[in-house]
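Trainee: This is the structure I want to talk about, given as structure tokens.
The values are calculated or read from the model by the stated rules, or taken from the named source; none is laboratory data. Here the structure is a predicted model, which means the values were calculated and not measured. Counting neighbours? That spans all protein chains shown, and the Cβs are built from the backbone with ideal geometry, glycine included. Ligands, DNA and RNA are stripped out before the accessible areas are found, and what is left, the full protein with its side chains, is counted by its heavy atoms. Shrake-Rupley method; radii C 1.70, N 1.55, O 1.52, S 1.80 Å.
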Amino acid sequence: MKALFAAAALALVLAASAQAAPLNASATLKVIDAQLDRDYPALEATYKQIHAHPELAFQEVQTAKTLAAEMRALGFTVTEGVGKTGVVAILKNGEGPKVLIRTEMDGLPMEEKSGLPYASRATATWRDGQTFVAHSCGHDIHMAAWLGTARQLVAMKSKWKGTLVFVAQPAEETIGGAKAMLADGLWNKIGGKPDYGFALHVGNGVAGEISYKAGVISSTSDGLDITFNGRGGHGSMPSTTIDPVMMAARFTVDVQSVISREKDPSAFGVVTIGSIQAGSAGNIIPDNARVRGTIRTQDDAVREKILDGVKRTAKAVVDMAGAPPADVKLTSGGKMVVNDQALTDRTAAVFKAAFGPRAVAETKPGSASEDYSEFVIAGVPSLYFGIGGFDKATVEKAKAEGKPLPTNHSPYFAPTPEPSIRTGVEAMTLAVLSVTGK
């Protein structure tokens, strides 16, 4: 009976939220911008600090401390060390929906080449060696917008009711942080599953623009790691060997036939080989060669076809060479993020009212993957949306010259802080107010 009453109470809360007066988006945006004019210098300073000192997945110790301190200063109840290095900050403001707002914290194992005065020169241990670390995916922009949104909502407490759950997630790049936080009892720590969830991502579009799409918005990723086992020998006597380099090369080329001949041409699917490691010298045929790559799909049936094709291609290459069986490892990564239709429609109306033509509906999903999907799979109706990161003149110049702009994960990817951070704060604040506003 208690469970029945609790369910009825929750239904009433959600119904009241859904029937609340529509948010006056344009007027609210003016209020947000006035507060942002005061907050922005501090947000950009924090952004530059984080940008210059990135940390790898599950190593985000200083980043987490920075975010936790900022949220405590705003009056949030903060828990650190969730899912190893994650941060959870809660602010209650009366009866209303519980809303999750997520950012990622980790950087990438690569060298930044942006030339920015605050460019990262940080290094860290990765795969038993040292590597440069860079925020070349834009998570530093996300964190600044996340903090800015928290500042806005604290300043506007009279305008909303409910519970805010700000989550700073570790290890998005390795597709492990969201699962780690959930496995660490995230829902219990926040008093139950959120009613809504929001996240954003910066890209190489025009800064100041926002993009959104209901349904599938990203790809499912799978890791590919294959070791071809041969028989080494002298480079001048290949007939006495079984050459694993040839197997690796043949597999890299032949696996593309799965994409071009077995998959429906209209269905998205990618197999990319990003690493081939073999041998030590040009005149030595090694014993084995290791091939690593990534598989991206947006449909479960296509995914199964490609995974099967990868295994068949590896076996065929081995059989052709008369080699011992290959060691084939296919590991599941991030699943597709699927945006809730009703929440997308509701928030899109607010975005259009506030931003006009700068709010753009996407027609197809992106090819990258993202583990925010774990929160969706766990039952949180969500909207994951995009913001642009490059100034308009830069984008137009690149188009006119026919030159591609640096994408996320490029060593040259360097979003313009202003207005990227500002737009992220504006959009995320409006999105949260659209479900919590009085």
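Trainee: Whose amide H sits under 5 Å from the amide H of residue 287, counting only residues 5 or more places off or on another chain, with H placed in the peptide plane?
Mentor: Amide H neighbours of residue 287: 232.
Trainee: How big is the Kirkwood radius of the range 130-215, worked out from every pair of different alpha carbons and given in Å to one decimal?
Mentor: 15.6 Å
Trainee: In the P(r) worked out for the range 230-360, what percent of Cα pairs fall beyond 20 Å?
Mentor: Taking all Cα-Cα pairs of the range 230-360, the fraction more than 20 Å apart is 59 percent.
Trainee: For the range 45-103, with every protein chain kept in place, what is the accessible area per residue (1.4 Å probe, Å²)?
Mentor: Result: 39 Å² per residue.
Trainee: Can I ask one more? Take every Cα-Cα pair in the range 353-438 and report what % of them are more than 17 Å apart. Write out the running numbers ahead of the final one.
Mentor: Details: 2369 of 3655 pairs.
Considering the range 353-438, 65 percent of its Cα-Cα pairs are separated by more than 17 Å.
Trainee: Restricting to bridges with both residues inside the chain, how much of the DSSP beta-bridge set is antiparallel, in percent to the nearest 5?
Mentor: 70 percent
Trainee: What number comes out for the charge environment of residue 221, summing +1 per Lys or Arg and -1 per Asp or Glu over other residues with Cβ under 14 Å away?
Mentor: Summing Lys and Arg as +1 and Asp and Glu as -1 gives -4.
Trainee: Of the peptides 405-417, 47-59, how do they stack up when ordered by the mean number of other Cβ atoms within 10 Å, highest first?
Mentor: 47-59, 405-417
Trainee: May I pose another question? Starting from the Cα coordinates of the range 140-280, work out the convex hull volume and express it per residue in Å³.
Mentor: Cα convex hull per residue, to the nearest whole number: 222 Å³.
Trainee: Which value, in Å³ per residue, describes the convex hull spanned by the Cα atoms of the range 264-307? Before the final figure, lay out each step's value.
Mentor: Details: hull volume 4.2 nm³, N = 44.
Hull volume normalised by residue count: 95 Å³.
Trainee: How far is helix 2-18 tilted off the main Cα axis of the chain, in degrees rounded to 10, range 0 to 90?
Mentor: Long axis of 2-18 versus the principal axis of the chain: about 80 degrees.
Trainee: Filter the trypsin sites (Lys or Arg not before Pro) in the range 273-358 down to the DSSP loop ones having no more than 16 other Cβ atoms within 10 Å, then list what survives.
Mentor: none
Trainee: May I ask you to compute the full-extension gain from residue 225 to residue 45, defined as 0.36 nm times their residue separation minus their alpha-carbon distance, rounded to one decimal in nm?
Mentor: Values: separation 180, 0.36 × 180 = 64.80 nm, distance 4.05 nm.
Result: 60.7 nm gained on full extension.
Trainee: Moving on. Would you please give the FRET efficiency between residue 363 and residue 234, computed as 1/(1 + (r/R0)^6) with r the Cβ-Cβ distance and R0 = 45 Å, to the nearest 0.05?
Mentor: 0.20
Trainee: How much net charge surrounds residue 38 when only the other residues with a Cβ under 13 Å from the Cβ of residue 38 are counted, with Lys and Arg +1 and Asp and Glu -1?
Mentor: Net charge in that neighbourhood comes out at -2.
Trainee: Could I ask something else about it? By how many degrees, between 0 and 90 and to the nearest 10, does the Cα long axis of helix 25-52 differ from the longest principal axis of the chain?
Mentor: Here the helix axis deviates by roughly 40 degrees.
Trainee: Taking 0.36 nm per residue of sequence separation and subtracting the Cα-Cα distance, how much length would be gained by fully extending the chain between residue 256 and residue 284, in nm to one decimal?
Mentor: This chain segment gains 7.3 nm when fully extended.
Trainee: Average the reciprocal distances over every distinct pair of alpha-carbons in the range 58-176, invert the result, and give the Kirkwood radius in Å. Numbers along the way, then the final one.
Mentor: Numbers: mean 1/r = 0.0651 Å⁻¹.
Mean inverse Cα-Cα distance, inverted, gives 15.4 Å.
Trainee: How long are the three semi-axes of the equivalent ellipsoid for the chain, computed from the Cα gyration tensor as the root of 5 times each eigenvalue, in whole Å, largest first?
Mentor: In descending order the semi-axes read 43, 24, 21 Å.
Trainee: Counting only helical runs of four or more DSSP H residues, what would the 222 nm mean residue ellipticity of the chain come to if each run contributes -39,500 (n - 2.57) and the total is spread over all its residues?
Mentor: Theoretical 222 nm ellipticity from helices: -12500 deg cm²/dmol.
Trainee: Okay, next question. Two decimals, Cα atoms only, Kirkwood Rh: what is Rg/Rh over the range 292-391?
Mentor: 1.16
Trainee: With a 1.4 Å probe and all protein chains in place, put 133, 31 in order of accessible area, largest first.
Mentor: 31, 133
Trainee: Also: With every protein chain left in place, what is the accessible area of residue 295 in Å² (1.4 Å probe, nearest 10)?
Mentor: Approximately 0 Å² of residue 295 is accessible to the 1.4 Å probe.
Trainee: Continuing with this model, one more query. With a sphere of radius 12 Å drawn around the Cβ of residue 48, what net charge do the other residues whose Cβ falls strictly inside it have (Lys, Arg +1; Asp, Glu -1)?
Mentor: Counting the neighbours of residue 48, the net charge comes to -3.
Trainee: Let me ask another. For the Cα atoms of the chain, what angle does the longest principal axis make with the long axis of helix 61-73, in degrees from 0 to 90, nearest 10?
Mentor: So the inclination is approximately 10 degrees.
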